[in-house]
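One structure below.
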Amino acid sequence: MTASLSSSPTRSQSFSVVLAIELWERFGFYGMQGILLLYMVQRLGFDDAQANLLWGTFSAVTYAAPAIGGWIGDALLGSRRTMTMGAAVLAIGYALLGLDLGGQFALFVALAVIALGNGLFKANAANLVRRIYEGDDARIDVAFTIYYMSINVGSTFSLLLTPWLQQHYGWGPPFLVCSAGLVFGLACYAVFRSRLQNIGSAPDFRPVVPRHLAGVLAGVVVALAVMVGILGVPAAGKACVWIAALTIAVIWVLLYRRATPAHRPGLRLAYLLIVQTMLYFVFYQQMVTSLTLFALRDVQSQFTLFGVPLFSMSAGQFQALNPVWIMAASPVLSWLYRAMEERGWNFPIAEKFIVGFSLVALAFLIWWWSAATSTTLVSPWVMFWAYGALSVGELLISALGLAVVARYVPANVGGFMMGSYCVSNGVAMYLGSMMANLAAMGSAVSGGDPSVTLPIYAGLFRTLFLLAVGCTLLFVVCLPFTRRWDAQHRAAQEARHAG
């Protein structure tokens, strides 16, 4: 060969490095998620209410932390350095869980470390993907689709693996495997990091400023202590969640009052759709809380077809049905969107949300019906089909949340709105845990037979079904407003471009 090869890595090569470490990060997080609530209930002796609320507080902190991690990457250490620091912190957090020390304080410390690591990692990994494809809108859509798919590949594998490891080898090994996944991801990054040599935020291309590093490390120690306090004191966690919700609401009002008349229709629409996304996360949170405990107590593990045994799933493994359905449904929805576009049929985001919540209602109708009509263990096929409806609903609601911010929010407040979107979803996850506590049981009841526990879950699922129906009807009523605001937003955009 006579042609010389460029030493500069291609976009695909750079993207593959971020994709690999992201896949292993999601492997670790979802592997932990698959067994953590069961660990709290079965290993540490938490009652349902305590376990649900601790998971809700952890979820809220985990969703809020990337807002700070993104700033550290952009302004102080660089996106690459902050991402790898976050991965290392996550590996430590999962290893602390893997030690299985058996005490509540040890659990709080481990969860605080994981939340902190997630905050350092998530925003910066996504930021690197954006920088790799900066200025190429068509390619960045494809890149984020692949990026989202990698999350589901990693989560499916780990959600199937860690519950199996727990059943066969105890509580410590599956958490250590989660830690090993992060170590492997870091090793891949170390080998191929040169492919990211031209990608990063401004501090990545300068030597580390000692005072910046010292400030970040000091901040990490302080944040760790604060998070342990929030996780360990339920009243503190609850107060922080409500303060965060109130703060976001106040700032939204201030942003709206200061916005120009041309920007206000887009903001109104963004606010409404973000609130709708928040409501979805109340239902989403049930997968880790009430639905996992429902599967533990009241669902058969063995799948059969016409009396022939197929395979079995444990309580934690049922969560893997969510990413499996997402991977199966994503290409179908993508094809459907293209087909509708070719025929000139418009399917706005607001209407996708309505269809999505209809599917959420269907999912909890299936769970309600199964719990209300059974006196013995429920068929696992109930979980299969209900998870399918809930997961397709997720694709129509949650997966479009960031698109809402990008489309309708003015560019000068886009960064803040991205952060507030993440924090608002964290608040919703906490509310979802509070909702799950409608079916919370003490040890005396939880160890009983299905004829006792099924009616309790039936009551929760009925409430969630009615809530989903109410949300759907409310959004239908709001549809004329969303259409008008969308038209006003488009007209304002066209006027700005024409000017």
Of the residues in segment 250-296, those that are over 20 Å from the mean Cα position of the chain (by Cα) and more than 23 Å from T472 (Cα to Cα) number 18
What are the residues in segment 187-209 that are crowded, with 18+ Cβ neighbours inside 10 Å, assigned to a helix (DSSP H, G or I) and not hydroxyl-bearing (S, T, Y), if any? R195, L196, P203, D204
Residues that are touching a helix residue (DSSP H, G or I) at 6+ places or on another chain (Cβ under 6 Å) and not in a helix (DSSP H, G or I), drawn from segment 243-283: A259, A262
Restricting attention to segment 94-103, does a residue exist that is assigned to a helix (DSSP H, G or I), among the small types (G, A, S) and at pLDDT 80 or above? yes
Just to be sure I understand the filter: pairs with C-beta atoms under 9 Å, separated by 6 or more residues or on different chains, first member in segment 54-68 and within 15 Å of V288 (Cβ to Cβ) and touching a residue at least 12 places away in the same chain (Cβ under 8 Å), second member outside any helix (DSSP H, G or I) and aromatic (F, W, Y). Which pairs pass? L54/F46
Out of A361, A350, A372, A389, report the one residue that is among the aliphatic types (A, V, I, L, M) and within 20 Å of P450 (Cα to Cα). A372
M429 being buried (at least 18 other Cβ atoms within 10 Å of the Cβ), touching a strand residue (DSSP E or B) at 6+ places or on another chain (Cβ under 7 Å), at pLDDT 85 or above and not in a loop (DSSP other than H, G, I, E, B): no
Residues of segment 92-108 classified as surrounded by fewer than 24 Cβ atoms within 10 Å (Cβ to Cβ) and farther than 17 Å from A51 by Cβ, total: 6
Of residues in segment 55-74 being surrounded by fewer than 24 Cβ atoms within 10 Å (Cβ to Cβ) and among the β-branched types (V, I, T), the one nearest to G419 (Cα to Cα): I68
At least 3 residues that are surrounded by 15 or more Cβ atoms within 10 Å (Cβ to Cβ) and more than 20 Å from the chain's Cα centre (by Cα) in each: list the helices (runs of 4 or more DSSP H) lying fully within segment 301-407 that qualify. 349-373, 380-396
Would you be able to say whether some residue in segment 478-489 is among the polar types (S, T, N, Q) and modelled with pLDDT under 90? yes
I'd like the full set of residues that are of a type in the set (A, V, I, L, M, F, W, C) and surrounded by 15 or more Cβ atoms within 10 Å (Cβ to Cβ), limited to segment 210-225. V216, V220, A223, L224
Tell me which residues, restricted to segment 283-326, are among the aliphatic types (A, V, I, L, M), touching a Ser or Thr at 6+ places or on another chain (Cβ under 9 Å) and under 17 Å from W368 (Cα atoms). L293, A295, L296, V299
Do we have V41 as more than 18 Å from the chain's Cα centre (by Cα), hydrophobic (A, V, I, L, M, F, W, C), surrounded by 18 or more Cβ atoms within 10 Å (Cβ to Cβ) and modelled with pLDDT of 90 or more here? yes
Please find, within segment 248-274, the residue that is surrounded by the most Cβ atoms within 10 Å (Cβ to Cβ) out of those that are of a type in the set (V, I, T) and touching a residue at least 40 places away in the same chain (Cβ under 8 Å). I274
From F157, F108, residue being more than 20 Å from the chain's Cα centre (by Cα), at pLDDT 80 or above and assigned by TED's automatic domain parsing to the domain that holds R26: F108
Out of curiosity, is I35 surrounded by 18 or more Cβ atoms within 10 Å (Cβ to Cβ) and hydrophobic (A, V, I, L, M, F, W, C)? yes
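The values are calculated or read from the model by the stated rules, or taken from the named source; none is laboratory data. Bear in mind that the values here come from a model prediction, so they are computed numbers and not experimental data. Virtual Cβ from ideal backbone geometry, glycine too; neighbours counted across all protein chains shown.
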